[in-house]
1. Taking the criterion of being modelled with pLDDT under 95, surrounded by 19 or more Cβ atoms within 10 Å (Cβ to Cβ), out of contact with any helix residue (DSSP H, G or I) (no Cβ under 6 Å at 6 or more places or on another chain) and assigned to a helix (DSSP H, G or I), would at least one residue in the range 39-52 satisfy it?
2. Determine whether LYS115 is surrounded by 11 or more Cβ atoms within 10 Å (Cβ to Cβ), in a helix (DSSP H, G or I) and basic (Lys, Arg).
3. Looking only at the range 77-104, which residues are aromatic (Phe, Trp, Tyr) and assigned to a loop (DSSP other than H, G, I, E, B)?
4. If I ask for residues that are aromatic (Phe, Trp, Tyr) and under 30 Å from ALA57 (Cβ atoms), which ones from the range 99-131 would you list?
5. Look at ARG131 and say whether it is without any contact (Cβ under 8 Å) to a residue 40 or more places away in the chain, surrounded by 10 or more Cβ atoms within 10 Å (Cβ to Cβ) and more than 18 Å from HIS48 (Cα to Cα).
6. Which is surrounded by fewer than 18 Cβ atoms within 10 Å (Cβ to Cβ), within 10 Å of the chain's Cα centre (by Cα) and not in a helix (DSSP H, G or I), of ARG18, ARG74?
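The values are calculated or read from the model by the stated rules, or taken from the named source; none is laboratory data. None of the values given here were measured: they were computed from a predicted structure. Neighbour counts run over all protein chains shown; Cβ positions are idealised from the backbone, glycine included.
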Amino acid sequence: MTVEYYEAVGRRKTSTARVRLFPGGDGSVLVNERPLRDYFTRKMDLIHLMEPLEATATENRFTISVKVRGGGIRGQAGAIRLGIARALVKADPEFRPILRKGGFLTRDARVKERKKPGLKRARKAPQYTKR
């Protein structure tokens, strides 16, 4: 039985990405039905989200389709990166140690801290005046 595609979800800050890897593809990536280079214009974001594919040497083995929502561009790139890594593990469990060692399977839990009452921001207090 052949699998049509491998699907995984990646999250970062307030971004959520649903990633589908289609085996036997040409390495093309569509993000929200737009080519990868049209959606992400900064080179650093492109490098960041393609790292799991480079680590497993599977750049041209899959066609990738991504639906991503919420957050900013950097958060979305991080969410897609995690989604790709998780989908690669579903495609081939032997990739797990490689991806784990590279840190691609770890969910980055850092999010914006909430503003506290009596403070100007999350931690910045009003300036103290003696008189």
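1. Scanning the range 39-52 turns up at least one residue that is modelled with pLDDT under 95, surrounded by 19 or more Cβ atoms within 10 Å (Cβ to Cβ), out of contact with any helix residue (DSSP H, G or I) (no Cβ under 6 Å at 6 or more places or on another chain) and assigned to a helix (DSSP H, G or I).
2. no
3. Of everything in the range 77-104, just one residue is aromatic (Phe, Trp, Tyr) and assigned to a loop (DSSP other than H, G, I, E, B), namely PHE104.
4. Just the residues of the range 99-131 that are aromatic (Phe, Trp, Tyr), to begin with: 104, 128.
Correct list: PHE104 only.
5. no
6. ARG18
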